[in-house]
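Below is one structure, written out as structure tokens; comments come after it.
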Amino acid sequence: MAEFNGTPGDDTLDGDSAGIIDNDVINGLAGNDTLSGLAGNDTLNGGAGDDVLNGGSGSDALNGGDGFDIVDYSDATGGVQVGVGGPSTEPPGEAAGDIFTGIEGIIGTAFRDILTGSAGDDWLSGGRGDDTIFGSPGADRIDGGDDADHVEYTSSDAGVNINLLTGEVSGGFAEGDVLTNIVYFVGSDGFNDVLIGDASQNSLSGGGGNDVIGAVGGQDQLIGGAGADTLDYSHGSVAVTASLATNTDSISDSFSGFENVTGSALNDHLSGDANANVIDGGAGDDTLDGGAGIDTLHGGAGLDALDGGDGSDFANYQGSAVAVTVDLLAGTGSGGDAEGDTLTSIENLYGSSNADHLTGNDARNIIGGELGNDTLVGNGGDDSLDGEAGDDALSGGDGNDRLIGRDGIDTIHGGVGADSIDGGAGNDVVFGEAGDDSIAAGAGADQIDGGAGNDTIEAGAGADAITGGAGIDTASYAGSAGGVTVSLQAGTGTGAAAEGDTLTGVEQVVGSAFADNLGGDAGNNTLWGGAGNDILAGAAGADVLKGGIGNDSFAYTSIGDSTVAASGKDTIADFTTGDRIDLSGIDADGNEANGDTAFTFGTGGFTGVAGQLRVVDFGDGRQGVYLETTGDKVPDAIITVYSDHALTAADFVL
């Protein structure tokens, strides 16, 4: 074994080249040294300085020491598989048996190498040959060298962004990297990468995640991989014709695994496949064909032809800087990005952030207004219209429509059909019109007219004007943050969500989860107390009273509040232990001269004394409460009670 020592300067030291002594120890000491072990199992110690260590053949120990040190395999006779931390478990060629310490860089061979960095800032040079270099944490300098070289970021802990046109390299393990002489890239495994090629022939593979892969110069090999990936032609300088169904384009690229495609700034023809595609034409007069599946087509600027094909497809104008007018029934568009557009087999629309006018057809449409004061018209079909932000005007037309106003002062017309309407925040004006509608006006001082049909109206917070219209209509306070007091006779509401409300043409009321006081009118009302200890007073008419959870009170103030005849007879639908039937508001003998007389609870028939109360069990869960106020032994009022127990005097306030 021979030992060689350098000087404090920059030395070039070679081991025994004659083969007499194979195992050398070479110490570079200080300085930027170049140490070569040649044959044998050598130990190379770089010492201080930025050193280059070449062990040559044999199992070498390569110790960089201080400084930025590089292991050099450039004169090896075959490819190597090696990382900055040392060779792989079973490396081929001259790296076999080598041990590294204090190494920051690697120079590969003239053959096909596999090089891997470390967690630090590494320098990896592939040299000649078709090399594969794995990116790692740290700001690395990666030079593929000659031939067709790959960089893979499959182990990255986040998505990577690589743009060969601009030189941008960022994100995940690519952050801070400098890439030279690389044309093939593989992104991260499971994150969202952006890989943009250049004018040369590139190979770009996204791996897992929702990746964007840019085709630029043509004749590229592009693989989307798992996830919803986008084939992007926006960086190119020629118009393209591309089909996701056939995986072909007009610039001789080879691609697969893409769900979405973005065109250039020129006149492109882009086609989807049988899956749900997003197709963006960009600028230019584009032709977009969705094919089968639920597709989203962005025409962008220019006179575009949008054909959704089979499936329920969307035309999306969210990127337009100017308001758009789009009519699916006519198949035309104007204004902003919609100017000159034609639309075929498009069922759904998204508008811009401006004041758009969007009209559906007779199919089932989904129309979103986005920002701006929009006008949305559904026409026929069971449509879903969403005004989003802004003071919007929504009209469902025929069909069972879903209409959402959201923020702003919205005007909503349900049209014909059983519509579901949500005005959202703001002082909205809502017309349910014909059909059994469900209306939630939301916060704000709203004006609500149910129109014809049996409507349910939940006004929400704010002083609302509620008109039920024709039909049996319900005012619901189920979502109120506190108890409410509502009188259909007076047409008023107070407390929590009912505060300041007026009610006209409403027959039924649903209370909150708190203690409510609900009163009917002279008509046939249904009052639901919900949770909480509620007071329900039906007044005249054949009322149905449902207390719900809690200790509820069913209040009567006049003998005429419930009659013997079915046309005015009340039903208490869910009497449970803890509830009370409050008759204290009725003068039991009808004689004012005697003062306010209480009823007497008894069994058997009436005895001819005014002010008697009798309970009859019908045996099917129903009990009849009979009230007699004149002494003629004939009941003057009957209340039907569905109870979980036999009624006793304790169940009444007499």
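The values are calculated or read from the model by the stated rules, or taken from the named source; none is laboratory data. The shown structure was predicted, so the numbers you read here are calculated from the model rather than taken from an experiment. Reconstructed Cβ throughout: ideal geometry from the backbone, glycine too, with neighbour counts over all protein chains shown.
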Problem set entry | Filtered residue count, region 151-173, keeping only those that are β-branched (Val, Ile, Thr) and surrounded by fewer than 18 Cβ atoms within 10 Å (Cβ to Cβ) | 2
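Scanning region 606-621 for residues that are among the β-branched types (Val, Ile, Thr) and touching a strand residue (DSSP E or B) at 6+ places or on another chain (Cβ under 7 Å), which turns out surrounded by the fewest Cβ atoms within 10 Å (Cβ to Cβ)?
Filtering region 606-621 for residues among the β-branched types (Val, Ile, Thr) gives 607, 609, 615-616.
Now restrict to residues that are touching a strand residue (DSSP E or B) at 6+ places or on another chain (Cβ under 7 Å): 615-616.
Values: 615: 20, 616: 14.
Per the stated criteria, the residue is 616.
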For this session: Specify the residue that is farthest from residue 441 (Cα to Cα); the eligible residues are those in region 508-540 that are surrounded by 20 or more Cβ atoms within 10 Å (Cβ to Cβ) and acidic (Asp, Glu).
Result: 534
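Hey, can you tell me all the residues within region 249-280 that are part of a loop (DSSP other than H, G, I, E, B), over 22 Å from residue 317 (Cα atoms) and over 30 Å from the mean Cα position of the chain (by Cα)?
Kept after step one, since they are part of a loop (DSSP other than H, G, I, E, B), are these residues of region 249-280: 250-253, 257-259, 263-268, 272-277.
From what is left, the residues that are over 22 Å from residue 317 (Cα atoms) are 250-253, 257-258, 274.
Hits for region 249-280 are 250, 251, 252, 253.
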For this session: Starting from residues that are at pLDDT below 90 and of a type in the set (Ser, Thr, Tyr), keep the ones in region 37-70 and report whichever is surrounded by the fewest Cβ atoms within 10 Å (Cβ to Cβ).
Result: 59
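Here is a yes/no grid of residues against (1) of a type in the set (A, V, I, L, M); (2) surrounded by 19 or more Cβ atoms within 10 Å (Cβ to Cβ); (3) under 21 Å from residue 64 (Cα atoms); (4) modelled with pLDDT of 95 or more:
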{"residue": "98", "(1), (2), (3), (4)": "no, yes, yes, no"}
{"residue": "101", "(1), (2), (3), (4)": "no, no, yes, no"}
{"residue": "108", "(1), (2), (3), (4)": "no, yes, yes, no"}
{"residue": "115", "(1), (2), (3), (4)": "yes, yes, yes, no"}
{"residue": "120", "(1), (2), (3), (4)": "no, no, yes, no"}
{"residue": "138", "(1), (2), (3), (4)": "no, no, yes, no"}
{"residue": "149", "(1), (2), (3), (4)": "no, yes, no, no"}
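Let's see how each residue does on (1) aromatic (Phe, Trp, Tyr); (2) modelled with pLDDT under 95; (3) out of contact with any Leu (no Cβ under 6 Å at 6 or more places or on another chain); (4) closer than 17 Å to residue 361 by Cβ:
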site	(1), (2), (3), (4)
378	no, no, no, yes
384	no, no, yes, yes
394	no, no, no, yes
404	no, no, yes, no
409	no, no, yes, no
416	no, no, yes, yes
431	yes, no, yes, no
434	no, no, yes, no
Exercise. Just checking, which of 363, 389, 445 is more than 25 Å from residue 510 (Cα to Cα), surrounded by fewer than 20 Cβ atoms within 10 Å (Cβ to Cβ) and either over 23 Å from the mean Cα position of the chain (by Cα) or among the acidic types (Asp, Glu) (or both)?
Worked result: 363
For this session: Using the structure shown, decide if residue 154 is touching a Ser or Thr at 6+ places or on another chain (Cβ under 7 Å), under 30 Å from residue 276 (Cβ atoms) and in a loop (DSSP other than H, G, I, E, B).
Result: yes
Problem set entry | Yes/no for residue 625 being part of a strand (DSSP E or B), on the phi < 0 side of the Ramachandran plot, β-branched (Val, Ile, Thr) and surrounded by fewer than 18 Cβ atoms within 10 Å (Cβ to Cβ) | no
Problem set entry | Leading residue by the ranking (nearest to the chain's Cα centre (by Cα)) among those in region 366-386 that are closer than 20 Å to residue 308 by Cβ, in a loop (DSSP other than H, G, I, E, B) and of a type in the set (Asp, Glu) | 370
Exercise. Within region 334-365, which residues are over 21 Å from residue 309 (Cβ atoms) and either without any contact (Cβ under 8 Å) to a residue 24 or more places away in the chain or among the basic types (Lys, Arg) (or both)?
Worked result: 334, 335, 336
Problem set entry | Selection count where residues are surrounded by 22 or more Cβ atoms within 10 Å (Cβ to Cβ), out of contact with any helix residue (DSSP H, G or I) (no Cβ under 7 Å at 6 or more places or on another chain), part of a loop (DSSP other than H, G, I, E, B) and not charged (D, E, K, R), scope region 547-605 | 6
